[in-house]
1. What spacing in nm lies between the two simple spin-label points modelled at Ser80 and Leu42, each 7 Å away from Cα in the Cβ direction?
2. Averaging sequence separations of C-alpha pairs under 8 Å and six or more residues apart, then dividing by the length of the range 13-137, give the relative contact order as a whole percent.
3. With r as the distance between the Cβ atoms of Glu49 and Glu138 and R0 = 41 Å, compute the FRET efficiency 1/(1 + (r/R0)^6) and round to 0.05.
4. Evaluate E = 1/(1 + (r/R0)^6) for Ala24 and Glu56, where r is the Cβ-Cβ distance and R0 equals 35 Å; express this FRET efficiency to the nearest 0.05.
5. Mind scanning Lys4/Lys70; Lys70/Lys133; Lys5/Lys70; Lys19/Lys78; Lys47/Lys78; Lys19/Lys66 and naming the pairs with a C-alpha gap bigger than 21 Å?
6. On alpha carbon coordinates alone, what is the Rg over Rh value for the range 13-137, Rh being the Kirkwood radius?
7. Calculate the FRET efficiency for Leu10 and Val92 from the Cβ-Cβ distance with a Förster distance of 25 Å, rounded to the nearest 0.05.
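Read-outs: derived from the displayed coordinates by stated rules, not from any lab. All values derive from a computational prediction rather than experimental measurement. All Cβ positions, glycine included, derive from the backbone under ideal geometry; neighbour counts span all protein chains shown.
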Amino acid sequence: MAAKKPSRLLNSWAYQKAKDAVSATLGSPAKLLELVSNTRILNILRKNERFSDIVEPVKAAFRLLKRYAKGDYRDISKESLILLATSVIYFVMPIDLIPDFLFGLGFLDDISLLAWTVNALSQDLERFTEWEKAQAEEQDAEPLLLPAPTED
């Protein structure tokens, strides 16, 4: 994963535009769910083996945003949530620092930002995946309740 902070990208007009869209997105569960339902990001990452190391963290980030939108998960700071949502919004914007229509180059800035973001938020993502596992274990531990027998 990329460890170097992409300062030029973070100071770009496109990143600021994405950041401006965050409050409306985070304020609307429907908009946030729509954002994370965009499979374009994962499809692009899966197509290139060079990005294989960020596929799982990005999937976890999407699940986190989805559970946040549904109100199930809140153990994330506002700053981390804003950074994550801004990075996803930036990725889906067609015109950014390097426009996406430039074949072969257009997604480099998007992927660079996303890789840096999941690296910067690795503790948040790890805490979330531990929470997911605990939720799954709780569901597995719940006794199966069968319906009461009916009298004929």
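1. 2.1 nm
2. The value is 31 percent.
3. The formula returns an efficiency of 0.70 here.
4. The computed FRET efficiency comes out at 0.75.
5. The answer is Lys4/Lys70; Lys5/Lys70; Lys47/Lys78.
6. Radius of gyration over Kirkwood radius for the range 13-137 works out to 0.95.
7. Given R0 = 25 Å and the Cβ-Cβ separation, E is 0.90.
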